[in-house]
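For reference, the structure discussed in these notes is given below.
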2 protein chains.
Amino acid sequence: MKITAVDPFYLRMPDITTAADGTQDTLLVRIQTDTGLEGWGECDASPLVSLAVYCCPMSHGNIINIRTSLIGETIDGPDDVLRLSEKALRNGLDIQQIQHAYSGAEIALWDVIGQKLNKPVYRLLAEMSGTASIAHPKLPYASVLFGDTPEATHRIATRLREQGYRAAKFGWGPMGKFGEENDIALVRAAREGMGTEAQIMIDAGVVWGSDHETTYQRAEAFSQFSPTWLEEPLAPDAIDAYGALTCRNPSVRIAAGEGSNTYRMAEDMIVHGGIQFVQIDAGRIGGIIPSFQVRQLAEQHGIHYVNHTFKSHLSLAAALHVFVTNPDFNLLEYPAAGSELSQRLITEPFPVESDGLVRVKELPGLGVRIDTEAIRPYLAPVRIEVGTDAVFEQSSL
Amino acid sequence: MKITAVDPFYLRMPDITTAADGTQDTLLVRIQTDTGLEGWGECDASPLVSLAVYCCPMSHGNIINIRTSLIGETIDGPDDVLRLSEKALRNGLDIQQIQHAYSGAEIALWDVIGQKLNKPVYRLLAEMSGTASIAHPKLPYASVLFGDTPEATHRIATRLREQGYRAAKFGWGPMGKFGEENDIALVRAAREGMGTEAQIMIDAGVVWGSDHETTYQRAEAFSQFSPTWLEEPLAPDAIDAYGALTCRNPSVRIAAGEGSNTYRMAEDMIVHGGIQFVQIDAGRIGGIIPSFQVRQLAEQHGIHYVNHTFKSHLSLAAALHVFVTNPDFNLLEYPAAGSELSQRLITEPFPVESDGLVRVKELPGLGVRIDTEAIRPYLAPVRIEVGTDAVFEQSSL
C-alpha cells in the first residue's frame, strides 16, 4: 500500500500553565494509506516546533521535511518501517528536532502495519528480533507531581492509595528548592501516605544540575523511606556527574533517560552515566524502534527499562508494545491524572485491572482508537506561510 | 540596558537544490536593546524549525520559547549572556531544537555586549576565562564540493590553486558512492590540482554510516596523497564506530564534530570517538560559549579545534572569535564559493590577506555589519497562526 497523507494535529487545553504537566497539549500524527487503513502516533515535544519538521522548506540535501520523505512511499511490512525511518532521519540529518518530530510518524507507521498484518505491534517486534512474543502484565505506577507542601503531598499519596495504586512516583514541584529538611519531609509524606507496602519513586526534575554531591547526600537521606529509585536528579547532559554519582553506589538506585532525544544519548547515559533504570519516551527518541533498541541494550547491561509516558494512553500503547514481552521490566509509568484532553484522547483507555495490573491490548497495531469527536474541540489549527507559500494548512480531523 | 526585541529572519535563494550547500538559505537573529545598540547572529539549521523555537506557544515549564526567555531582560556584560543562556536553555529543556535555534540569539547577545563594552568578543572571552587575548591569523582553507568526476574535481582544485589557496577541503558529491577506485581517483585529482605544497582535506559526508572497516581501508588508501584529515566518514551518532576506527591509528587523521548539537555530543565524540580534529559550528551547538568550551576541551586533550562554517561571513566572524587566541589551531574553514545571498550578507567580508591569512576584525562585538539593503530581496516573510493567534508575524528588516 502507499502512504497518501501525513498529518500533524496540534491539540491543547484552553489554559496552559508552567506546571511540569506534559498533558496540557500534544501533537498527534495521522498517516493515511490508499487502502483506507490509517495509523496514529503521539509526540512528547513542542507541538509547533515538531509540526514545522513536517513542512519546513528544503534547505539542502540534509534538511528535507518528514512529509516529503514519506508521502507516496510504499509500506507493506516492518522492513518498510525501518527503511522509511532511515530515509526520514537521513533527510533530516541537520534538523536537530528530527527525532522528536519523527516519533509520532514512526509510531503511526507501526500502527498501520500492525493493522494490515492483523497483529499487535509487540508481536511484530518479537518476530523481527527473534525474541519471545508473550505479553506480560505490568504494575502501573501513578505519576504525579509533589504537592506544594509535605501536607499536600501526604493528601495526594493517601488518595492514590485509596484508589488502589500499589506504586506511585512523586516529582518536580518543591523538590530540591527549599533545602534538605523540606526535601526529606516531602519523601516522608509520600511514603506515609502510600503506606509501607507500596513502591514509591522520587523524581527530582533535574533540580541539582551537575551537583552530584548534593544528589548523593539526598539519596542517602531518602533511603530510610526505601524509594524504588531517585529519578533525574541531574541535567540530561551531565553524564560525567551521573557517572560520579553512580560509582559511589548510593543507597537508592538512580533512574534517568527521559531526556534521550537519540539512541546514543540513552546509550551514553547507560554506559557512562551508570544508571540502573533507563526511562525512554517513544514519543521523543524517534519512535518504537529506537526505544526497543534501548530496551535490548538495558537487557545486555542487566539494568531496568521503564517507559516514560506523560501524555495520553495513545503514548502508553506505544510504550507498552516496546517492552511488554520482558517480564523482568515489570513497572509501567501510567498517566493517571492528566488533562481532560489526555483522558478523552482514545476511546478505551488502559484500565488498571482487578489484579492491579495493566495489560497490552491483543488487537492489531497499537490496539487503541482515537476519539476524534471528543478531541476536535481541542484542535488548534495551524497555518504557516513562508514567502508567498502556505507551507502548512490544517487538515481536518 | 534592556532587550526590547528578538527577531529571526528567514532568508533564501530563489531556487533550492538537494546539493550539500548550506548557503542556499539562512536564519539570522537580530537582538535590539533600549539603548539603540543591536546585535546579529546566524544559525546553521532549518530556518523554519528554528524560527518556531522563537515563538512556539508554551507547553509547560520545560517548553517556553526563546523570545519569552529574553525580551525584557537586562544585559550589561558577559555574565548576563551566561545567565540568559542558562535561562533560555532551561526554559527549552524539552525542545530538541533549542541549541540550533538559540545559537543565533547567543551570538547576537555577544555582538551587543562587545559593542557596549567597546571590545571584540574574543577579548571578552579571554578576560572571562583568564587566557591570553592576542589574536593570531589563520590559514583559510577553501571548502568546496567534489566535482562529479575526478576530472571535474581536478579543474576545481586547479582553480583554487590559481586563486592563491594553500589549503582546500573537498567533500560530499560522489565520494563513497562509486567504489574504492573512484574514491581514490577523486582524492588524487584534488591533490594533483592543488599541488604538492598545499594542504588538502577530504570530507566524506557521513557516507559510510557505521562501517568503520571501509573507512579504515579508505584512510589507508588516501594516505599516499597526504590529506590533513579525513572528515566525517561515519554518522554523527556512530561513536562506537569512530572509536573502533581511531583506535587502529589510521594513517590519515580523523576529523568530525560538525553534527554536535550540544556540548556533550562534542565531548562524547572527543572522549569516546577518539577524533583528532573537532569541528564545531557555533551556529548549531548553542553559540559562542559552548564552542569555546569545546575549544578548551580540545586543548586539554591535545587535539585540534577547527571551526565548521558553511554559511556566511557573519558565521565566520562568530567562529573566529572562539579560537583566534590559540595559535596552534591555525586552520580556518573559509566559505569561499557560497551563494549570492551568503556573499552579500555582510558589508565587508573577511579578505584573504596578502600573506594568505585571515584575521579577526579588531572592532567591537563581532566586528561585522549586516548589509540589510543587499539582503532584503532574499527575505522570506514568515507568518504562523496557531488557533486564532498569530504567534509569529514578520518584523521588518
Cross-chain or 6+ apart pairs with Cβ under 9 Å, segment A:4-24 first and more than 8 Å from every other protein chain (Cβ to nearest Cβ), then acidic (Asp, Glu) and assigned to a loop (DSSP other than H, G, I, E, B): A:Thr4/A:Asp34
Exactly one of (1) surrounded by fewer than 23 Cβ atoms within 10 Å (Cβ to Cβ); (2) over 18 Å from B:Ile288 (Cβ atoms); (3) touching a strand residue (DSSP E or B) at 6+ places or on another chain (Cβ under 9 Å); (4) outside the structural domain of B:Lys177 (by TED's automatic domain parsing) is unmet by B:Ile95. Its number? (1)
Scanning segment A:201-216 residue by residue, those under 27 Å from A:Tyr165 (Cα atoms) and touching a Phe, Trp or Tyr at 6+ places or on another chain (Cβ under 7 Å) turn out to be A:Met201, A:Ile202, A:Asp203, A:Gly205
Which of (1) outside any helix (DSSP H, G or I); (2) within 9 Å of chain B (Cβ to nearest Cβ); (3) of a type outside the set (Gly, Ala, Ser); (4) farther than 21 Å from A:Ile280 by Cβ is the odd one out, the single condition A:Ile134 does not satisfy? (2)
For segment A:340-357, state whether one or more residues are of a type in the set (Val, Ile, Thr) and over 25 Å from A:Leu48 (Cβ atoms). yes
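Sort out which residues of segment B:232-256 are more than 14 Å from chain A (Cβ to nearest Cβ) and over 16 Å from B:Lys177 (Cα atoms), and write them in order of number. Explain how you work it out, then say what you get.
Filtering segment B:232-256 for residues more than 14 Å from chain A (Cβ to nearest Cβ) gives B:233, B:244-255.
Hits for segment B:232-256 are B:Ala244, B:Leu245, B:Thr246, B:Cys247, B:Arg248, B:Asn249, B:Pro250, B:Ser251, B:Val252, B:Arg253, B:Ile254, B:Ala255.
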Would it be correct to say that A:Arg376 is assigned to a strand (DSSP E or B), basic (Lys, Arg) and modelled with pLDDT of 95 or more? no
One residue is enough: does segment B:303-326 have a residue meeting the conditions modelled with pLDDT of 95 or more, of a type in the set (A, V, I, L, M, F, W, C) and surrounded by fewer than 24 Cβ atoms within 10 Å (Cβ to Cβ)? yes
Return the pairs, sorted by first residue and then second, in which the second residue is in a helix (DSSP H, G or I) and polar (S, T, N, Q), the first residue lies in segment A:213-238 and is at pLDDT 95 or above, the beta carbons are less than 6 Å apart, and the residues are 6+ apart or on different chains. A:Pro233/A:Thr215
Against the definition (under 30 Å from B:Leu93 (Cα atoms) and either part of a helix (DSSP H, G or I) or modelled with pLDDT of 95 or more (or both)), how does B:Phe292 come out, yes or no? yes
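Between B:Ala88, B:Ala126, B:Ala108, which is among the small types (Gly, Ala, Ser), more than 10 Å from every other protein chain (Cβ to nearest Cβ), surrounded by 24 or more Cβ atoms within 10 Å (Cβ to Cβ) and over 20 Å from A:His100 (Cβ atoms)?
Working: B:Ala88 fails: over 20 Å from A:His100 (Cβ atoms); B:Ala126 fails: surrounded by 24 or more Cβ atoms within 10 Å (Cβ to Cβ).
Only one candidate passes the filter, namely B:Ala108.
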When the residues of segment B:48-67 are narrowed to those that are closer than 22 Å to A:Ile66 by Cα and more than 7 Å from chain A (Cβ to nearest Cβ), which ends up surrounded by the fewest Cβ atoms within 10 Å (Cβ to Cβ)? B:Cys55
Output the number of the condition that B:Gly22 fails; it satisfies all remaining conditions of (1) within 30 Å of B:Gly387 (Cβ to Cβ); (2) part of a loop (DSSP other than H, G, I, E, B). (1)
Residues that are aromatic (Phe, Trp, Tyr) and touching a residue at least 40 places away in the same chain (Cβ under 8 Å), drawn from segment B:151-198: B:Tyr165, B:Trp172
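The values are calculated or read from the model by the stated rules, or taken from the named source; none is laboratory data. Note that the structure is a prediction, hence the values are computed from the model and not measured. Positions of Cβ are backbone-derived with ideal geometry, glycine not excepted, and every protein chain shown enters the neighbour counts.
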